[in-house]
Structure formats: structure tokens, C-alpha cells
Amino acid sequence: MAQIGFKSNKGVVRKNNEDACFVIPGCDVYIVADGVGGNNSGEVASRTAVENIAGFVNEGDIRSNTTPDEIFSFLTEAVARANTAIYTMGLDQGRYKGMATTVVMAYLYHGEGYIVNLGDSRAYIYRDNEIRRITKDHTYVNELIDKGVITEDEAEVHKQKNVITRALGAEADVQPDFYKLPLSSGDILLLCTDGLYGEVGEARMAQILSEGKNMNDTCADLVDAALQSGGRDNITVVCVRI
């Protein structure tokens, strides 16, 4: 049985919370989203994303998919449904024009973690007192890093570091990235928005995860650390201890 915790906070600066999260313990599915768009439409985008994905998971029999190919096909369809819902709302309703959202989700099945992401919300694995990022950000600065144009340190202070190159709802079709990793007892899977890792370094995250608290308290400590470091963005964290 996995132990689960989650926490979301609008932060110190923002007036509203455009993050959303959803946990489906019975299916071992966990979702985090970070909306973008004016007039509070980011909030609508992230909520629409998690609700549509959760609805697809609950309606479909996710456990009937037994191979990695079948599982990723199922998750792709869930993401596509959410994308269509957000994209259509943006076209049909003027106040939602241009809205979009990041998404990172995890599905745990038979000792494996299946991760899907779009945008710059992240998945990390904490194991043997070390934290490792699983996902790759879909951002302009990350493309520059990949091409060797800038370093990771330069990316941290780049004026376009928040420009996302892939997101749910931005286009009619989306291409999420997929990851599969073996999970062991004691591992902690961490899903979060950039409001956490933008304020809290990996060493501090690892320190908090090492303290052995229950997952809800761990999530609260991670959010508090982000708030104490400035809390300049919405912060959402989901932690799952295997």
C-alpha cells in the first residue's frame, strides 16, 4: 500500500491558485497541473485537465491494460481528452482564449511507475537519500540547454525561463513525454509545480523527504519551505511513498 500526501497553496504573491491536483488512490493515479492564461482562465484550464483525466481513468478500466504499450496508450487517450476539452473551451468562449496548463501524472502498477508530462511541472524520485528528477521541462530555456546555447545556471536567471513550449490546451493535438521506472519499497515519488522547485533546491527537498514524516506532513513542510523562500508562485505537491 502506498502512503499518499498532497498540499496546494496560492503562495505569497498570487491572488488566486491556478494549480490543481487530483489523487485516485484506488487506481494508484496521481495528477498535478499548473494553469496559464489571463482572467483566471489558468485556474479553469488546470481544473479541467485534472477532472477530465480523472474522469477518463475512473470510467475506463485502467487495470485491464497490462503491458507498458497498453498503459501508455490509455494514458495518452486520457491526456488527449483533457486537451480537447481545454482547447475547445478556448475556441468557443472568448474569456478562455489562449488558456492552457501543464500536467504531470503518475500511475503505479506492479512495481513500476508510469509518468506522463507536458510543460514544466515535474516528477522526482527520492531513493537512498538522493533525489533525482524524472521528467524533462518543455520550456524555451530547456531547449537552449539541450542545444548547448546556455548552461543550467544561466537558465535559472534567463528572462524567458517561464516560457513553456508544450502544454495541454495550447494546440489541437499534444505530444506528452513518457517515462517508466522501477519502484522499490521506501521510494518516494514527488509530483510538483514550478512553485516548489523554483523556490526550493533539490538538496533542501531531499532533506525534507529524508525526515521520515508521514506524506501529508512532508508535503506541508515542502510547501512551507517554498513560502519561506519567497512563495512567488502557486505551489502544489503530491508525495507517494511506496
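Some notes on this structure:
- Cα gyration tensor, segment 1-137 - rounded (a/c under 1.5), prolate or oblate: oblate
- Dipole size of segment 115-186 about its Cα centre, with +1 on Lys/Arg Cβ and -1 on Asp/Glu Cβ: approximately 200 debye, rounded to the nearest 20.
- Pairs of Lys residues in the chain are counted when their Cα atoms are under 29 angstrom apart and they lie 8 or more places apart or on different chains; the count is 29.
- Among 125-137, 79-91, 101-113, the order from most to least packed when residues are scored by Cβ within 10 Å on average: 101-113, 79-91, 125-137
- Residue-count net charge about Gly231 - beta-carbon cut-off 10 Å; Lys, Arg +1, Asp, Glu -1: 0
- Once the chain from Arg133 to Leu181 is taken as fully extended at 0.36 nm per residue, the excess over their C-alpha distance is 16.1 nm.
- Note on the chain: with charges restricted to the Cβ of Lys and Arg (+1) and Asp and Glu (-1), its dipole about the Cα centre is near 480 debye.
- Cα-Cα pairs of segment 99-145 separated by more than 13 Å (percent): 64
- In the chain, the C-alpha radius of gyration followed by the widest Cα-Cα span (Dmax) gives 16.9, 50 angstrom.
- With both labels modelled 7 Å from their Cα along Cα-to-Cβ, the Asn214 to Glu152 distance reads 3.5 nm.
- Charge dipole of segment 3-241 about the Cα centre (unit charges at C-beta), most positive-ward option of Thr193, Ala80, Thr151: Thr193
Quick note: the coordinates plus some simple rules give every number you see, no bench work behind them. Quick caveat, the model's predicted, so the values are computed rather than measured. In this analysis, Cβ positions are derived from the backbone assuming ideal geometry, glycine residues included, and neighbour counts consider all displayed protein chains.
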